[in-house]
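Some notes on the structure that comes next.
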Amino acid sequence: MTILAIDHVQLAMPVGKETEARDFYVNVLGFVEVPKPPELSSRGGVWFESNHVKLHLGVDPDFHPAHKAHPAFLVDDLDAVVARVEQTHYKTDTSQPPLDGYKRAHILDPFGNRIELMEKL
């Protein structure tokens with residue numbers, strides 16, 4: 001058996017916060033919302049895509065933000081994304097040292113989930 005790829009990443013979110021999720025992931029990060037399958041839509045949450053990246057936000061009634069675990073998204077203009085995040089008053093951390101071949105930053109979504117943004121140098 002060989003794992004071939006990641007199909008999607010799922011982050012947790014609090015109950016009833018789909019509007020905040022849409023505002024951040026669509027208007028700030030540039031994802032597009034995609035419909036959830038009808039058999040899953042009653043659970044709440046939202047699904048997003050951007051190019052080949054699929055991100056699912058699932059409702060967790062006992063929600064706690066992921067402070068350490070995180071997805072890392074490759075971006076083509078880290079400075080522009082960080083500026084947009086800061087302009088919309090979400091938290092950023094640009095003090096991360098570069099990794100070999102990348103500059104990077106961390107941001108927090110509206111629920112406090114940590115997200116890493118990476119740009120190839």
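Where a number appears in this text, it was derived from the coordinates with a stated rule and is not lab data. Just so it is clear, the structure is predicted and the values come from calculations on it, not from any experiment. Here the Cβ positions follow ideal geometry from the backbone for every residue, glycine too, while neighbour counts run over all protein chains shown.
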Next item on the list: Report, in degrees rounded to the nearest 10, the 0 to 90 angle that the Cα long axis of helix 78-87 makes with the longest principal axis of the chain.
Entry: 60
Next item on the list: State the label only: which of (i) 51, 28, 23; (ii) 43, 42, 25; (iii) 61, 31, 22 corresponds to Cα extents along the principal axes in Å computed from the shown model?
Entry: (ii)
Next item on the list: State the antiparallel share, in %, of DSSP beta bridges confined to the range 9-120, rounding to the nearest 5.
Entry: 70
Next item on the list: In a Gaussian network model over the chain where Cα atoms closer than 10 Å are linked, find which of LEU55, LEU11, LEU99 has the largest mean-square fluctuation.
Entry: LEU99
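What's the exposure ranking of ASP76, ASP93, going from fewest to most Cβ atoms within 10 Å?
Working: ASP76 8, ASP93 13.
Ordered by Cβ neighbours within 10 Å, fewest first: ASP76, ASP93.
Rounded to the nearest 20 Debye, what is the dipole magnitude of the chain about its Cα centre when Lys and Arg each give +1 and Asp and Glu each give -1 at the C-beta? Working shown, then result.
Values: 12 positive and 18 negative charges, 28 e Å.
The dipole of the chain has a size of about 140 debye.
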Notebook entry, point to check: Label points 7 Å out from Cα along the Cβ direction at ASP77 and GLN96: separation in nm?
Noted result: 2.0
Check: Order of MET118, MET13 from fewest to most other C-beta atoms within 10 Å?
Finding: MET118, MET13
Notebook entry, point to check: Can you sort LEU57, LEU74 by how many other beta carbons sit within 10 Å, fewest first?
Noted result: LEU74, LEU57
Checklist line | Gaussian network model of the chain, Cα within-10 Å springs - most flexible of PRO38, PRO65, PRO110 | finding: PRO38
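Calculate for the chain the 222 nm mean residue ellipticity that helices alone would give, adding -39,500 (n - 2.57) per DSSP H run of length 4 or more and normalising by residue count, nearest 500 deg cm²/dmol. List each step's numbers first, then the result.
Working: 3 runs with 19 residues, N = 121.
For the chain, the value works out to -3500 deg cm²/dmol.
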Checklist line | Under 5 Å, built H, 5+ apart or other chain: amide partners of LYS103 | finding: GLU119, LEU121
Note to self: Quick check: net charge around LEU74, other residues with Cβ under 12 Å of its Cβ, Lys/Arg +1 and Asp/Glu -1?
What the structure shows: -1
